[in-house]
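*Asks:* Okay, handing you the structure first.
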There are 2 protein chains.
Amino acid sequence: MADALSAWRDAPAKSAIVDFVGRVTRPGSDFVPPAERVAVFDNDGTLWCEKPAYVQLDFIVRSLVQAAQEDPKLLDQALFRAAHDGDLAWFGRVVEKHYQGDDSMLREFAGAALHIAGAESTEDYAARVARFFDSARHPSLDRPYPDCGYAPMVQLLRYLEGEGFTCYIVSGGGRDFMRVVSERMYAIPPERVVGSSLGLTYDSGRVRTTTELDIFDDGPAKPARVWSRIGRRPILAAGNSNGDIEMLEYATSGPGPGLALLVEHDDADREFAYTAGAERAEQRAAADGWVVVSMARDWAEVFDD
Amino acid sequence: MADALSAWRDAPAKSAIVDFVGRVTRPGSDFVPPAERVAVFDNDGTLWCEKPAYVQLDFIVRSLVQAAQEDPKLLDQALFRAAHDGDLAWFGRVVEKHYQGDDSMLREFAGAALHIAGAESTEDYAARVARFFDSARHPSLDRPYPDCGYAPMVQLLRYLEGEGFTCYIVSGGGRDFMRVVSERMYAIPPERVVGSSLGLTYDSGRVRTTTELDIFDDGPAKPARVWSRIGRRPILAAGNSNGDIEMLEYATSGPGPGLALLVEHDDADREFAYTAGAERAEQRAAADGWVVVSMARDWAEVFDD
């Protein structure tokens, strides 16, 4: 039988994964019935590249720039100007402010997104995202965005499914943006994508988004959303940042076995090397025995070529 | 081959269902790929009996009564008193007030529910609901609650699954209450149950409910929630009340084929006969050609005996 995890080196992370899956699938005290084999994956930085900027942010910035080209008056607004100037730090502050309890930038952001979207339905939005993916390329890796998924992680999704697991994506990224990506890149269907979202409203046969933030799916919101959407505690969780800590903790706090995987970006040659935003997660991994997936050490290949 | 819909009479509703399923599963202009064959079902009054009161309300009232027996001071609160006196109308007014934009009763209700639940996790709550179902009986039908599901509708779920559909429950009932029921009675797993919910909070490995209403899953909220949870427009929807109108409309407003089923409670001999709460739905069914499922005419049996 071909190695289902051929993109992984015979190194600590692969051993830990294969050992765990063996324990929960074979008869014994750690056996978990297939229906309860739920695995959850963060997306940005865990399943695909998140540097130099989140892909969704690139999508939004390009949309803002285009809108401002068509209507230069929009440049009077700070975020259209930031997009026009390539000031991605402005957008980073949206998230910072949110965590400080101030959603004014977020609402501005949502309002602009909606200005671009007009009255489009969720289905029209998905079609627009799909068009973006048909042509957009990563700014430095010299490959289309749809080829920026991590080959070892996509293999892991398939390997787990082959072992009776059901895999979900649970990410701070926009749910309806990710759904388009997830189906194409990871063969994860839309009903198994959990993410951030603006509110939704229904009228006359169409569902549309509102300007109100419904959920920012990060940190402690992740396990809460996992329960609301799945109704089970996962037994495997993978992430790469501080925003994934609670989800990884949840998967390893049940009465039975649980595995937490923390992807470490330590491979400047093949991808990027950074720890910013993952400092607390690294500490928890060390303290609690979470499995660290070092891109440099554990992955035989990073992208599927 | 045995008739997969043997609990249905050879009458208009069965013909309409079989015709529709044939059209979307056979090659042709109405063909729908299996991944897009999503069917959504209301629960109370559509899949199981909702009279003389919602089963969940009975569960809550019994819990309130028990709590008041242990702590009589609770009878100073209107809703504990209503439960103690068997005044179910009080609880009906909770929903009425909600629709009038006044959630004060709803918050009182949620607070009481939380008082009963204490600091239990969502998993503990599920265990408590399961214990209720192990013993509780319908007040007049002389059968345990788990035997109050409609046999023709459970057959319909299995028939659709056999034809490549994925079936979801989308109900105004409490999501985490229904999940226990749905798995036992309908073999619908928890991840395919969408319903009303209090907020959720996460701390130290456990997900718990809050006193804030997160979502009341009724009316226009249903199609919005269908999108948020599934990310696809259903092609078949079944309901029985005014609160299902938008969901039925959504399923029949797509670019392709769609079927709306409206269950009509017109069988006082075998179940109940009532139209209250379904008046507008009946009008829409007549105007838009939705398929009316008359219990008296279309069902050979109502319950599985």
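Where a number appears in this text, it was derived from the coordinates with a stated rule and is not lab data. Just so we're clear, the structure is a prediction, and the values are computed from it rather than from any experiment. Neighbour counts are summed over all protein chains in view; Cβ atoms, including those assigned to glycine, are modelled from backbone coordinates with ideal geometry.
*Asks:* Round to the nearest 10 and give me the degree value, 0 to 90, for the angle of helix B:12-25's Cα axis relative to the longest principal axis of chain B.
*Replies:* Between the helix axis and the principal axis of chain B, the angle is about 70 degrees.
*Asks:* Percent of Cα-Cα pairs per 5 Å bin, from 0 to the last occupied bin, for region B:66-142, please list those.
*Replies:* The calculated distribution, bin by bin, is 3, 13, 17, 20, 23, 18, 6, 0.
*Asks:* For A:Arg184, project a label point 7 Å along Cα to C-beta. Then give me every residue of region A:63-95 with its amide nitrogen under 16 Å of that point.
*Replies:* What the label zone holds, given the 16 Å backbone N cut-off, is A:63.
*Asks:* Would you mind checking the tilt of helix A:104-117 against the longest principal axis of the Cα atoms of chain A, expressed as 0 to 90 degrees and rounded to 10?
*Replies:* 80
*Asks:* Given C-alpha coordinates of region A:167-293, what is the ratio Rg to Rh with the Kirkwood estimate of Rh? Spell out each step's value before the answer.
*Replies:* On the way: Rg = 16.0 Å, Rh = 15.8 Å.
Rounded to two decimals, Rg/Rh equals 1.01.
*Asks:* Next question, about the same structure. Region A:107-140 to region A:43-90: how many Å between their Cα centroids?
*Replies:* 11
*Asks:* Okay, moving on. Return, in residue-number order, each cysteine of chain A whose C-beta is not under 4.7 Å from any other cysteine's C-beta.
*Replies:* So far as the 4.7 Å Cβ criterion goes, A:Cys167 stand without a partner in chain A.
*Asks:* What number comes out for the charge environment of A:Asp267, summing +1 per Lys or Arg and -1 per Asp or Glu over other residues with Cβ under 14 Å away?
*Replies:* -3
*Asks:* Determine the shape class of region A:123-241: with a ≥ b ≥ c the square roots of the Cα gyration tensor eigenvalues, call it rounded for a/c under 1.5, and otherwise prolate if a/b is greater than b/c, oblate otherwise.
*Replies:* Taking the square roots of the gyration eigenvalues as a ≥ b ≥ c, region A:123-241 is oblate.
*Asks:* Explain nothing, just the number: relative contact order of region A:93-210, from Cα pairs under 8 Å at least 6 residues apart, as a whole percent.
*Replies:* 23
*Asks:* Defining a contact as two alpha carbons under 8 Å apart and six or more residues distant in sequence, what relative contact order in percent does chain B show?
*Replies:* Once normalised by length, the contact order is 24 percent.
*Asks:* Using a 10 Å cut-off on Cβ to Cβ distances, tally the other chain neighbours for every residue of A:209-215 and report the average as a whole number.
*Replies:* 1
*Asks:* Could you put B:Tyr99, A:Tyr54 in order, starting from the residue whose Cβ has the fewest other Cβ atoms within 10 Å?
*Replies:* Lowest to highest Cβ neighbour count: B:Tyr99, A:Tyr54.
*Asks:* Along the charge dipole of chain A, which of A:Ala273, A:Phe177, A:Val302 sits closest to the positive end, that is, farthest toward it, with unit charges on the beta carbon of Lys, Arg, Asp and Glu (+1, +1, -1, -1)?
*Replies:* After comparing all options, I get A:Phe177.
*Asks:* With N residues in chain B, what two-decimal value do you get for its Cα radius of gyration over 2.2 N^0.38 Å?
*Replies:* 1.01
*Asks:* Sticking with this one: What's the local net charge at B:Arg297, with K and R +1, D and E -1, over the other residues with C-beta under 10 Å away? Can you show the working numbers first?
*Replies:* On the way: positive: B:Arg9; negative: B:Glu264, B:Asp266, B:Asp267, B:Asp298.
Local charge sum for B:Arg297: -3.
*Asks:* Note the angle between two axes, namely the Cα long axis of helix B:279-288 and the longest principal axis of the Cα atoms of chain B, as a number of degrees from 0 to 90, rounded to the nearest 10.
*Replies:* 20
*Asks:* So, R0 is 45 Å and r is the distance between the beta-carbons of A:Gln283 and B:Arg131; what FRET efficiency does that work out to, to 0.05?
*Replies:* It comes out at approximately 0.65.
*Asks:* Sticking with this structure for a sec: Just in region B:222-271: which trypsin sites (Lys or Arg not before Pro) are loop by DSSP and have at most 14 other Cβ atoms within 10 Å?
*Replies:* Here the sparse-neighbourhood loop sites are B:Arg270.
*Asks:* Calculate the spin-label point distance for B:Asp71 paired with A:Glu120, positioning each point 7 Å from the Cα along the beta-carbon direction, and give it in nanometres.
*Replies:* 5.2
*Asks:* Something else now. Just how large is the dipole of chain B about the Cα centre, in debye to the nearest 20, putting +1 at every Lys and Arg Cβ and -1 at every Asp and Glu Cβ?
*Replies:* Roughly 620 debye, rounded to the nearest 20.
*Asks:* Per residue of A:194-206, how many C-beta atoms from partner chains lie within 10 Å of its own C-beta, taken as a mean?
*Replies:* Counting Cβ atoms of other protein chains within 10 Å of each residue's Cβ and averaging gives 4.
*Asks:* Within 10 Å of each Cβ in peptide A:221-227, how many partner chain Cβ atoms are there on average? Round it to a whole number, please. All intermediate terms of the calculation are to be shown ahead of the outcome.
*Replies:* Details: counts 3, 1, 7, 11, 3, 3, 13.
Counting other chains' Cβ atoms within 10 Å and averaging over A:221-227 gives 6.
*Asks:* Need one number: % antiparallel among DSSP beta bridges in chain A, to the nearest 5.
*Replies:* Beta bridges within chain A, antiparallel portion: roughly 35 percent.
*Asks:* Something else about it: Rounded to the nearest 20 debye, what is the charge dipole size of the protein assembly as shown about its Cα centre when +1 sits on each Lys and Arg Cβ and -1 on each Asp and Glu Cβ?
*Replies:* Computed about the Cα centre, the dipole is about 380 debye.
*Asks:* On to the next question. Just to be sure I understand: chains B and A are related by a rotation, so which residue of B has its Cβ closest to that axis, and how close in Å?
*Replies:* Output: B:Arg229, 3.
*Asks:* Subtracting the Cα-Cα distance from 0.36 nm times the residue separation, let me have the gained length for B:Ser140 to B:Asp102 in nm, one decimal.
*Replies:* Here the segment from B:Ser140 to B:Asp102 would lengthen by 10.4 nm.
*Asks:* Determine the calculated [θ] at 222 nm for the protein assembly as shown from helices alone, applying -39500 (n - 2.57) to every DSSP H run no shorter than 4 residues and normalising by the residue count; nearest 500 deg cm²/dmol. Intermediate results must be reported in sequence, preceding the final value.
*Replies:* On the way: 24 runs with 254 residues, N = 610.
Helix-only estimate at 222 nm: -12500 deg cm²/dmol.
*Asks:* Between copies, how close do the B:Pro139 label points come, placed 7 Å along Cα→Cβ, listed in nm from shortest?
*Replies:* Sorted ascending, the copy-to-copy spacings read 6.5 nm.
*Asks:* While we're on this one: Calculate the dipole size of region A:152-226 relative to its Cα centre from +1 charges on Lys and Arg beta carbons and -1 charges on Asp and Glu beta carbons; express the result in debye to the nearest 20.
*Replies:* 120
*Asks:* Listed highest first by mean packing, meaning other Cβ atoms within 10 Å per residue, what order do B:171-178, A:135-142 come in? Mind showing how you got there, number by number?
*Replies:* Values: B:171-178: 25.6, A:135-142: 12.9.
In descending order of packing, they fall as B:171-178, A:135-142.
*Asks:* If every alpha-carbon in the protein assembly as shown counts as one equal scatterer, what log10 I(q)/I(0) does Debye give at q = 0.06, 0.07, 0.09, 0.12 1/Å?
*Replies:* -0.34, -0.47, -0.78, -1.32
*Asks:* Once Lys and Arg get +1 and Asp and Glu get -1 on their Cβ, which of A:Pro139, A:Tyr99, A:Leu198 lies farthest toward the positive end of the dipole of chain A?
*Replies:* Result: A:Leu198.
*Asks:* Percent relative contact order of region B:58-115, based on C-alpha pairs within less than 8 angstrom and at least six residues apart? Don't jump to the answer; show the numbers that get you there.
*Replies:* Numbers: 35 pairs, mean separation 16.4, N = 58.
Rounded, it is 28 percent for region B:58-115.
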